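All remarks here apply to the structure that follows.
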There are 2 protein chains.
Amino acid sequence: MSDHREFRDLATPETLRETLADLDVDAGSETVGLDDARGRVLAERVDAGIDVPGFDRAAMDGYAVRAADTFGASETDPATLDVVGAVHAGERPAVSLESGDAVEISTGAVVPGTADAVVMVERTSETDGQVAVRTAVAPGEHVMAAGADIAAGQRALGPGTLLTPREVGLLSALGVADVPVRARPRVAVVSTGDELVPPGDDLDHGAGEIHDVNTHAIAAGVREAGGDPVVYEHVGDDRAAMTETIETAASECDIVLTSGSTSASAMDVVYRVVEDRGERLLHGVAVKPGKPTLVGTIDGTAYVGLPGYPVSALSIFRTFVAPRIREAAGRPPARTATVDARMATRERSEEGRLRLVPVGLVADGDGDLLAYPVDKGSGATTTLTAADGVVPVDPDTNYVDAGEAVTVSLFSANGRPPRVLVVGEDDPTLSRALDAVADPRYLASGSRAGRRSLRDDVADVAALAGPDADEALTGVRDADEALAGDSDAETDRERDVLAFWDRDWGLVVPAGNPVGVDGLAALVDDDVSFANRDAESGLRARLDAALDALAAERDVSRDDLVDAIRGYELETGGPESPARRVADGIVDVGLGSRGTADRLGLGFVPLGTDRVAVVAASDRAHKPGVADLERALDATD
Amino acid sequence: MSDHREFRDLATPETLRETLADLDVDAGSETVGLDDARGRVLAERVDAGIDVPGFDRAAMDGYAVRAADTFGASETDPATLDVVGAVHAGERPAVSLESGDAVEISTGAVVPGTADAVVMVERTSETDGQVAVRTAVAPGEHVMAAGADIAAGQRALGPGTLLTPREVGLLSALGVADVPVRARPRVAVVSTGDELVPPGDDLDHGAGEIHDVNTHAIAAGVREAGGDPVVYEHVGDDRAAMTETIETAASECDIVLTSGSTSASAMDVVYRVVEDRGERLLHGVAVKPGKPTLVGTIDGTAYVGLPGYPVSALSIFRTFVAPRIREAAGRPPARTATVDARMATRERSEEGRLRLVPVGLVADGDGDLLAYPVDKGSGATTTLTAADGVVPVDPDTNYVDAGEAVTVSLFSANGRPPRVLVVGEDDPTLSRALDAVADPRYLASGSRAGRRSLRDDVADVAALAGPDADEALTGVRDADEALAGDSDAETDRERDVLAFWDRDWGLVVPAGNPVGVDGLAALVDDDVSFANRDAESGLRARLDAALDALAAERDVSRDDLVDAIRGYELETGGPESPARRVADGIVDVGLGSRGTADRLGLGFVPLGTDRVAVVAASDRAHKPGVADLERALDATD
């Protein structure tokens, strides 16, 4: 720990950008076929090598004529010409015209050399080898002259042109089958860390293994920026292996990206490679997240060391590295879409560093955009998918206040807020219903979080459970009490309830209930280990209410009971987490629902009925996504 | 010709859209690896199968402790704990903590089961196996609990989610290596026509051959829309071959697109296949371009017959077919970018059909957008690349007036006007200079067109030659006259001249000048054939002026001379076109510049000096693209 590195002189974001701009990442050019040309960037000017069309071409079905023969012709006084032959598209004209002749011609066919105009078929009638032409045509009429589209020698497309289907069409017309394009920069992607396991392989949780997130996410980002990702097998913190991989990557690619190994000892390896074989240009940047970014060269190849946390790595990649790859690929800068929004809640910041706050977007009742911070920490990958963009908060700002106008830099130029934002209890019925709704977002952070979000005017819809659900349905937190009475407030509230249903809650035990757990008292009285839910969840509130009742029955305090439950403090994240700990043999009993127990093939000891209520904010009820959700919930039975 | 089909009952665009919507184009789903997942659409909901993280994870470098052991600790009164071991990321903790113990821990490592918090290293000092902790921590501090990112059983991503690098990251974290995605609809692409030759193969111009444009352009469009193009070799108008190809395509793909063969006889083949093996749903649509569109089914497979002209085919494809493919691929509708602009010139339309007018965009001096029609006819492929989008003009409108506000539907959501629009003489020096300018557009339609475009306030910059150039440089059309005098107007005008240069013009002859052409008179007096330039070009104006001088010398009219020149009327499109006809042995003499003759290895008989002047509109001189062009021209010497 003694050599733990501090970042005393952090580079500014501008310095990071300039340092990256100065790196040589150019990949040169290559030739691709027309089928692979879309999305590529032309490396050099393409001039027309041929006239297009290469001949005087009929623009209409009709008759090729000498224009002079039609002068004076009209509906009432047609010119009569001898039909001396026919020419179709793709045929060499077998006839030539004398004065007074006409040749039947198809659109796209060669106009015979001695003809100079085409009369459209609609203005003619043919009988017995002669055609009556009921209109006069000028020389050149309905003829596309050779080279009229584009002539040999003319500039067709300039260097740097992004090739869309339309440019592919023009290149086809010119006969350019081998297209000179900018090569995609080869970008080495190297994740480091002893704890990483490729997705698809099993994890040993107890040994601290996690899946390698950065390799595939950054490779996808490289591809999106127009680069060619070259993925190297992830390396542990072993010095020799890391050195070898980084040096190999530097010799094979135009730029090397590593992620992770920003810990003291591991970073030393990268340091040493960079300092032995190249140059360290920058280390540490005043951006949050992303401080421990390293930029340099290895054997002359550009090198960027990204932080290990996925949110940090992708944030630095997206903001600073991807634009450099785009530029090297010859692509125009990404049209970074920004939208104006109001901050939904106050967000504190830290002085001295540019902060990129991940935010989700939601349209309020008037269609105006609200931005709410989404941050489960840099270590959380769900932050990536729950956010629509970032709000840059500059180093001098301490906080952004609720209601303050902010500019959100969107992750995608096509980015738009979800059609419905649901916050609250995690429930499988609700999750299934959302499958039938286009573009929803569901933040399953618990019933209490849903209630808060509704109160803060953030969520369109809250999923409530436990006492929150009772209150939503009856206007008071104790359902029994409310159902006995009646009130106007109740009616008002029910208007926004989209749906509600009951679920059995209780204790999940191993199949066959080997320990013989028979009720809540067993948790307190028997020597069983327990896995709880977190305090945000409705089920947890049901458990605590049941403990209160048991405490009253025994005339003790709830704390007395809680102290006797081994694992009451073990709060787990998701609705299935306690049950999975039971299934994995880690604990004897878990809090959960009958549905979860059935799904995992476990035993279930019912303790009561929980009600889930899905409630829309009154001023959001008209949003199409809310209506879609209501329909989907109606259909879920 | 007797069976030439008329389209008497044209379907409305809405009917076309509905007919396509009713076709079954669904391709089902498939599984792809994470490396191929970007840009794909999730076919089903993905729930977390594991807790992420799978263990209580240290969020900081520091010491894992029991929080209770730190209560009351401060800078002045640290708690002293025994360091009983260390655990790094990816390691199984080998120690357990008793009260009073601490374990050195790295970010990402497993927090030992008997610890419940992490103290960050910055608030500690370690000496002799003991660590002084200078702060109190709460239970759970700097620990990311198992499942806190996402817990087993939670909804991770819904069906229909477009996978970006961020979703690829989340799927990685969950260990989902095989990703269930919507299959790309397989789209058969079949071009038809006897005249078509694949790009890359030589053309026989005399036999009316042209390159196949639609195959690659439509395949690229299919890919852009999220489909999987299956390209079949183009078929001629042979009935058996066409039938076989279409039936094979129908059996192998989810939708069959043909283009071309809308002529009477060829269309019969498609008709018969559709009517024998399926159903004809619609033929003929009230859209210009695109009238002869055909929709039906073949053996139950969706079928669309597109027009043969590339502009028509791609216009119908982009407007009607691509959205259907996107939908079948599960992609959200393309964000069709539109921009508001003013029409630069009056554009006439035709009643009764929705007209999609291709337009280019240019920013005027105030940065407002002007749209100018770009239409060299449906048969011209350059229309595709010279336009930025289309202005839909509805069937009831006769014309759009100059200055009228229009909404332009852009070809690309990232579409923006070129940074500089140059209209006028085709000149190789100017073309080379443009290679150094980012995102220019050069409409080389001749000096006269450049002068008109400047006058109409469309072009930023005009390339003038012949008398147009003299006038631009001196204020009068006769240079000799002007250079003798002096005027204020002259100074005013010169301010906007970006550059000018001279080029020798004259007669291009075969190498060695076998016919012994010695000057302009030879065209008139000798029996030689000639290829001219069109009346828009500056060189043609120089030729006509020289003919005027010769006529004056001989005391005859210019017409007398012109009548004696065999091929004076043979106007060709590009600056090299006459010379290429000389090179190909088609004519004896062509109008051209010394540069062209040298480039093609031909002989040259000089007739004079032509001046090319590149002139910016005064109110556009401040545009960055204009300044870039001026710099590039300065550097071209």
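If you take the residues of segment A:84-98 that are part of a loop (DSSP other than H, G, I, E, B) and open to solvent by less than 40 Å² (accessible area, probe 1.4 Å), which of them is modelled with the highest pLDDT? So that I can check it myself, show each step before the final result.
Within segment A:84-98, the subset part of a loop (DSSP other than H, G, I, E, B) is A:88-98.
When the remaining residues are screened for being open to solvent by less than 40 Å² (accessible area, probe 1.4 Å), the result is A:89-90, A:93, A:97.
Details: A:Ala89: 90, A:Gly90: 91, A:Pro93: 94, A:Leu97: 90.
That would be A:Pro93.
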Considering residues of segment A:229-247 that are among the hydrophobic types (A, V, I, L, M, F, W, C) and closer than 12 Å to A:Gly193 by Cα only, the residue nearest to the other protein chains (Cβ to nearest Cβ): A:Val235
Extreme residue, most open to solvent (accessible area, probe 1.4 Å), among residues of segment B:38-74 that are in a helix (DSSP H, G or I) and either within 11 Å of chain A (Cβ to nearest Cβ) or not small (Gly, Ala, Ser) (or both): B:Asp69
Segment B:562-600, residues that are within 14 Å of another protein chain (Cβ to nearest Cβ), in contact (Cβ under 8 Å) with a residue 24 or more places away in the chain, assigned to a loop (DSSP other than H, G, I, E, B) and open to solvent by 30 Å² or more (accessible area, probe 1.4 Å): B:Glu569, B:Leu570, B:Ile586, B:Leu600
Strands (runs of 3 or more DSSP E) fully within segment A:320-408 counting 3 or more residues that are open to solvent by 50 Å² or more (accessible area, probe 1.4 Å): A:338-343
Evaluation of A:Val84 against (1) in contact (Cβ under 8 Å) with a residue 40 or more places away in the chain; (2) away from chain B (no Cβ under 14 Å); (3) over 15 Å from A:Val137 (Cβ atoms); (4) of a type outside the set (S, T, N, Q) (one fails), failing number: (1)
Hits in segment A:516-556 - residues which are open to solvent by less than 20 Å² (accessible area, probe 1.4 Å), small (Gly, Ala, Ser) and within 18 Å of A:Gly424 (Cβ to Cβ): A:Ser537, A:Gly538
Odd one out for A:Asp35, checked against (1) assigned to a helix (DSSP H, G or I); (2) away from chain B (no Cβ under 12 Å); (3) not β-branched (Val, Ile, Thr): (2)
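Every residue in segment A:136-157 that is open to solvent by 30 Å² or more (accessible area, probe 1.4 Å) and over 57 Å from the mean Cα position of the chain (by Cα), please. Even if it seems obvious, please write down each step before you answer.
So the first thing to find is which residues in segment A:136-157 are open to solvent by 30 Å² or more (accessible area, probe 1.4 Å), and the list is A:136, A:138-143, A:145, A:148, A:155.
Across segment A:136-157, the qualifying residues are A:Ala136, A:Ala138, A:Pro139.
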Residue within segment A:211-228 that is surrounded by fewer than 23 Cβ atoms within 10 Å (Cβ to Cβ), more than 7 Å from chain B (Cβ to nearest Cβ), in contact with a strand residue (DSSP E or B) (Cβ under 6 Å, 6 or more places away or on another chain) and touching a residue at least 12 places away in the same chain (Cβ under 8 Å) present: yes
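Which is within 20 Å of the chain's Cα centre (by Cα), modelled with pLDDT under 90 and β-branched (Val, Ile, Thr), of B:Thr262, B:Thr336? Don't jump to the end; show me each part of the working.
Details: B:Thr262 fails: within 20 Å of the chain's Cα centre (by Cα).
Only one candidate qualifies: B:Thr336.
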Close pairs from segment A:440-467: first of a type in the set (Ser, Thr, Tyr), partner in a helix (DSSP H, G or I), Cβ under 8 Å, at least 6 apart: A:Tyr442/A:Leu430; A:Tyr442/A:Ser431; A:Tyr442/A:Leu434; A:Ser447/A:Asp468; A:Ser447/A:Ala469; A:Ser447/A:Gly538; A:Ser447/A:Ala541
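If you take the residues in segment A:445-466 that are open to solvent by 30 Å² or more (accessible area, probe 1.4 Å) and closer than 20 Å to A:Gly592 by Cβ, which one is farthest from the other protein chains (Cβ to nearest Cβ)? Explain how you work it out, then say what you get.
Filtering segment A:445-466 down to residues open to solvent by 30 Å² or more (accessible area, probe 1.4 Å) leaves A:445, A:448, A:451-452, A:454-457.
From what's left, closer than 20 Å to A:Gly592 by Cβ: A:445, A:448.
Working: A:Ser445: 10, A:Arg448: 16 Å.
Residue satisfying both the conditions and the ranking: A:Arg448.
Tell me, please, whether a residue that is within 7 Å of chain A (Cβ to nearest Cβ), among the small types (Gly, Ala, Ser) and open to solvent by less than 10 Å² (accessible area, probe 1.4 Å) can be found in segment B:192-206.
Residues of segment B:192-206 within 7 Å of chain A (Cβ to nearest Cβ): B:193-195, B:199-200, B:203, B:205-206.
Subset that is among the small types (Gly, Ala, Ser): B:193, B:200, B:206.
With the extra rule that they be open to solvent by less than 10 Å² (accessible area, probe 1.4 Å), the set shrinks to B:193.
Taking every residue of segment B:192-206 in turn, at least one turns out to be within 7 Å of chain A (Cβ to nearest Cβ), among the small types (Gly, Ala, Ser) and open to solvent by less than 10 Å² (accessible area, probe 1.4 Å).
Any idea which residue in segment B:418-432 is farthest from the other protein chains (Cβ to nearest Cβ), counting only those that are within 16 Å of A:Thr161 (Cβ to Cβ) and surrounded by 24 or more Cβ atoms within 10 Å (Cβ to Cβ)?
Filtering segment B:418-432 down to residues within 16 Å of A:Thr161 (Cβ to Cβ) leaves B:418-422, B:431-432.
Now narrow it down to the ones that are surrounded by 24 or more Cβ atoms within 10 Å (Cβ to Cβ): B:420-422.
Details: B:Val420: 11, B:Leu421: 13, B:Val422: 10 Å.
Filtering segment B:418-432 for residues that are within 16 Å of A:Thr161 (Cβ to Cβ) and surrounded by 24 or more Cβ atoms within 10 Å (Cβ to Cβ), the one farthest from the other protein chains (Cβ to nearest Cβ) comes out as B:Leu421.
The values are calculated or read from the model by the stated rules, or taken from the named source; none is laboratory data. On a predicted model such as this, the values are computed, not experimentally measured, just so you know. Quick reminder, even Gly has a Cβ in these numbers, built from the backbone with ideal geometry, and neighbours come from all protein chains shown. The accessibility values were calculated without ligands, DNA or RNA, using every heavy atom of the protein model including side chains. Shrake-Rupley method; radii C 1.70, N 1.55, O 1.52, S 1.80 Å.
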